[in-house]
1. Expressed in nm to one decimal, what extension gain is obtained for the pair GLU316 and ARG226 from 0.36 nm per residue of sequence separation less their Cα-Cα distance?
2. Just read off the accessible area of LEU4 with the full protein assembly in place, 1.4 Å probe, to the nearest 10 Å².
3. Name all residues of the stretch 237-274 having a backbone nitrogen under 13 Å from the label point set 7 Å from the Cα of ASP203 along its Cα→Cβ direction, giving them as ranges.
4. In deg cm²/dmol and to the nearest 500, what is the mean residue ellipticity at 222 nm of the chain if only DSSP H runs of at least 4 residues count, each as -39500 (n - 2.57), divided by the residue total?
5. For the stretch 91-172, compute the orientation-averaged projected area of the C-alpha convex hull (one quarter of its surface), in nm².
6. Using only the alpha carbons of the stretch 31-117, determine the length spanned along each of the three principal axes and report them from longest to shortest in whole angstroms.
7. Trypsin sites (Lys or Arg not before Pro), restricted to the stretch 1-82: which are DSSP loop and have at most 13 other Cβ atoms within 10 Å?
8. Cα extents of the chain along the three principal axes, largest first, in whole Å?
Amino acid sequence: MDELVAEVLAGEDAWFVGGAVRDELLGRPVVDVDVVSRDPAAAARAYAKRSGGFPFPLSEQHSSWRVVLDGRRTVDFTPVHGTIESDLARRDFTINAIALPVVGGEYVDPSGGREDLQLRLLRAVSETIFDDDPLRLLRAVRLEEALGFRLAPLTEELLQAQAILVTGAAGERVLAELERLGPRGYRRLDQLGVLAPLGGRIDERLDAVDSPRYRLVVVFKDQVRRLPVSGETRRYARVLLGAERPSDRSARSIHRFRRATEPWAIDALAFVGALDLAPLVEAARAVDYDEPLVRGDELGLPSGPEVGHLLAQIAEERAVGTISTREEALELVRRETRK
């Protein structure tokens, strides 16, 4: 899995754990690696020195360290809690509760995770997994979708009974899980009763655009502001939520729609149920001009809202083909200012 980890930790109690072990058993690519050891800080520094990676404390509370390698691959080092068996008993699902000694040897699998991998089931390690970390309510659905697995019946019952706990998870962690979900994952959250406590609701437009940000807005609408999204995502949400379907297929209507929604006009069309107009938007984009016919300081007017209005009017008339030269643009300004 990582020969350098084995070299650095030779002779010490250390195990590969978590998703790396699971993915290797499934024949999936292993990108990020998790290791439990007795002294994570020393292990991380030693590994970073040999690998050329950058080590830093991931969590002072949990004494965890991370080493970032080229290509942004990571190796995390966390402390083993008691025995390796007791450490695995603290984990979420049996398929993530399998350990492999870094120096090689037999798998440590006290919960039957390898059997559940064969059955393609997500089974809780204990009845307290969601109390211990409510984010696991979302992670369960994300793993179902990503791996093509299914919750074991008793685990599904437990999740549904404790769905309300999801409101206790940190917003940043909730957002990170939601951004990794596809349409099927959102529908599963709704089916299990986890989506409603977060303020979300399934919408028929969910599949229209394959974009995490689009799905967030479709599902949460104005409630998306309750999530710690970026400033750009907030602007994106405002554009989509404020979009109105073009009144017709004319060049003028398309231009006005684009003026209100670019650079997200296609997503906005999907949101207002007008994706049939996407070819018109794309055609308009293809003939966008690099330079305006005139600039604001060329209009001979004091700066202010009127200048912005006139420049927008010039751009619209140019887009629909009623003017095409600087002289025609200035004549339009003269006509408007004489009114």
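The values are calculated or read from the model by the stated rules, or taken from the named source; none is laboratory data. Since this is a predicted model, take the numbers as computed values, not measurements. Methodologically, a virtual Cβ is constructed for each residue, glycine included, from the backbone with ideal geometry; neighbour enumeration extends over all protein chains shown. Side chains included, ligands, DNA and RNA excluded: accessible areas come from the protein's heavy atoms. Shrake-Rupley method; radii C 1.70, N 1.55, O 1.52, S 1.80 Å.
1. Working: separation 90, 0.36 × 90 = 32.40 nm, distance 3.65 nm.
Extra length from GLU316 to ARG226 when fully extended: 28.8 nm.
2. Looks like 40 Å² after rounding.
3. The answer is 237-245, 267-274.
4. Values: 17 runs with 158 residues, N = 339.
Theoretical 222 nm ellipticity from helices: -13500 deg cm²/dmol.
5. Values: hull surface 24.6 nm².
Mean projected area for the stretch 91-172: 6.2 nm², to one decimal.
6. 37, 26, 22
7. Working: sites: ARG22, ARG38, ARG45, LYS49, ARG50, ARG66, ARG72, ARG73; in loops: ARG38, ARG73.
Hits after loop and neighbour filter: ARG38.
8. So the three principal-axis extents are 87, 47, 33 Å.
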